Amino acid sequence: MPGPSTLKVVLLTDCPDVEASLSAAVSKVSDLEVGFEVWSAPLAVIPEGEWPVLFLAMRDPAKALVQLQVIRNAPVCSGTRISLVLDDPVRCPPEAVLRLYDVSDVRASADIHPKSLCHWIRNALQQYRDQRERKVIDEILGLGRLATGTDYVKLIVQNLARKLGYKYAFVGRVLSPPRERTVRTVSLWSGDHFVENFEYQLDETPCDQVLSGRRVCVYPISVHRTFPNDHELKEMGVVSYIGCPILNADGSLLGLLACLDTKPMTRVEEHKPIIEFFASRAGVELERQDSMDGLRKLNEILEERVAKRTEELEQTHKVMVEIAHRAGMAEIATGVLHNIGNLLNSVRVSSDLIKIAVDDSHLPLIHRINEMIETHKGDLGSFLDHDTKGTLVTECLAQLELALSKKFDLLGHESGIILSHTKTISQVIQTQQAYAEGPAFLESADLNDLVRITLELMIGSLDRHRVKVICHFGDEIPVTVQKAKMIQVLGNLLQNAKEAVLALDKRHRKIVISTFTARSGRAGLSVKDNGVGFTAPERERLFKFGFTTKETGHGFGLHSSHIFLKDMDGTLTAESAGKGKGAVFTLTLPMARNGRIEPAP
């Protein structure tokens, strides 16, 4: 019996007289690469092989049914097209039985003529090959369902070689100019394993015919003789070759898919559409991989640009913060000096009290007591015990001790106040000296853009702490502001909101920024958080200099923001339902019209 690589039209019969007609019909479809065999009935076991078309010619319909059951029970006949040939069609089995055994055709033995059978055999063979082609494609597609890129291409070449019975299969890519005459393999299957990829020149190779002609080229036998200067063919022992070009979506050449074997190819017409299909799929994957490589390179360029831009923004941020801080401290200098003045008043009062205490030192009394003791040092005991003045010395010393003790307590207390206040003054002055008075720049700007700029400056910190920021922007809102101060104000509000939500779980940290035009015609912005909130008494002190609810705060942020907005004819308010219930900070500004700030209503 023939091997599995040969397709045959089979006549299973106990009527030898139909053999001649059937053999003649098969000879007329020899272009489809099929042979013809005759099996004698009855047959208990179907031989191994591929049997696309089987004619069952039996004199007895009952025996024909038994033989049909044997055929359909054989795995090798799962796709076989069966034609039942009967002497008497009247005795044909019921239609239900024919459907059960998937009989494709029923005819009388008298109708076995070469011309009448030729068309049916051709169609049956084509249906069989189409079915087998779909099966091969589906199997390979199934294996590569979860693979992409190079992995998918490897699955294609591996399974094409295995399913189609070829020793070699590969996908190669044409290199870019000036090396467009060179192909580099992407994946190469050899026998039972992948081999290392390599480059080869196209000159005098079958691959050159594939690529230059942009068509499938088949050399079913003696390809090494057709291309005697292709040394790789000789080294690999290649006898036959089929190759298909791989094209980009725009029609440009990407490469080729080729299968090679060490024996002649006998099913090239059957395998050609399969190879064309997977050449197209390989092209999709190669093009997708090119796109991914392009995106990766573009991403690297963008990351480099972003890093550079980030560095520039960080430098700009530092400059803006410095300008804003300097300007802010210039605005709050009056408040700082007022606080220092209050502290100095207290220091002055303490100094006056110390001076009074020092001036009333009781030194004259001590001097007189020392004189009396010196005068009566020879009879000091008698003087202290019996003399009227002497008896007063002891009492005076006791009273003097009490008075001096009170004065020392006073001096210690007041000097402590002086030290505390001078330390506070020193800290305030040091903080003030950390900034310098900055110039004020009036500029026209869109309030939404100022928010975006501030977010760009703070996005790293917000992302790092997993704070979600939601923006609800109105239409363009033109304002004329000192941009440095305005950005510091927005930065302070965002910083406070961020720190307010840090106590929450990372999944629930949220800040909502909204811009709007109020009914009064003023520009408005609110920053809402779902953080720790504050009490009503705390709200009354939020904008006072030095007040803070944070352990590491300095009390400048909200105070300076309030001052900045006031300088720009703006307002800043805060609301909270209480501890743990979040907060909303709302600012308003005059709208800018014709480049001028309109006065507040």
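Observations
- Applied to the range 260-275, the Karplus parametrisation 6.51 cos²θ - 1.76 cosθ + 1.60 on θ = phi - 60° returns per-residue 3J(HN,Hα) values of 9, 9, 8, 9, x, 8, 10, 10, 4, 5, 6, 7, 4, x, 5, 5 Hz, with x for Gly and Pro.
- Under 27 Å from the Cα of K377 - lysines, other chains or at least 8 residues apart: K389
- For the pair R215 and I373 in one chain, pulling the backbone fully straight at 0.36 nm per residue adds 43.4 nm over the alpha carbon distance.
- Ranked packing of 204-214, 298-308, 226-236, most packed first, by mean Cβ within 10 Å: 204-214, 226-236, 298-308
- Simple label model, 7 Å out from Cα along Cβ direction - E300 to V70, nm: 6.8 nm
- Estimated D of the range 476-541 in µm² per second, where Rh is the Kirkwood radius over Cα pairs and Stokes-Einstein applies at 10 °C, 1.306 mPa s: 115 µm²/s
- Rg over Rh [alpha-carbon atoms, Kirkwood Rh] for the range 452-508: 1.01
- Equivalent-ellipsoid semi-axes of the range 168-269, from the Cα gyration tensor, Å, largest first: 21, 15, 14
- Along the range 253-258 the Karplus relation, 6.51 cos²θ - 1.76 cosθ + 1.60 evaluated at θ = phi - 60°, assigns HN-Hα couplings of 6, 9, x, 7, 10, 9 Hz to successive residues, with x for each Gly and Pro.
- Under 18 Å from the A96 label point (7 Å along Cα→beta-carbon), backbone N, the range 64-86: 65-66, 69
- Distance between modelled label sites at Q131 and V284, nm, 7 Å Cα→Cβ extension: 2.6 nm
- Label point distance in nm, S222-R519, each placed 7 Å from Cα along Cα→Cβ: 9.9 nm
- Nonlocal Lys pairs with alpha-carbon distance under 25 Å, the range 46-190 (8 or more apart, or different chains): 5
- Computed over the range 360-413, Kirkwood Rh from alpha-carbon pairs, angstrom: 12.2 Å
- Between the range 161-217 and the range 50-86, the alpha-carbon center distance in angstrom: 44 Å
- Karplus-based coupling profile of the range 11-22, in residue order and whole Hz: 10, 9, 8, 10, 10, x, 5, 8, 5, 5, 5, 5, with θ = phi - 60° in 6.51 cos²θ - 1.76 cosθ + 1.60 and x standing for Gly or Pro.
- At R0 = 25 Å, FRET efficiency that the Cβ-Cβ distance of E401 and R348 yields, to 0.05: 0.25
- Over the range 22-137, equivalent-ellipsoid semi-axes from the Cα gyration tensor in Å: 22, 18, 13
Since every read-out is calculated from the coordinates, none of them should be taken as a lab result. Nothing here was measured: the structure is a model prediction, and the numbers come from that model. Counting neighbours? That spans all protein chains shown, and the Cβs are built from the backbone with ideal geometry, glycine included.
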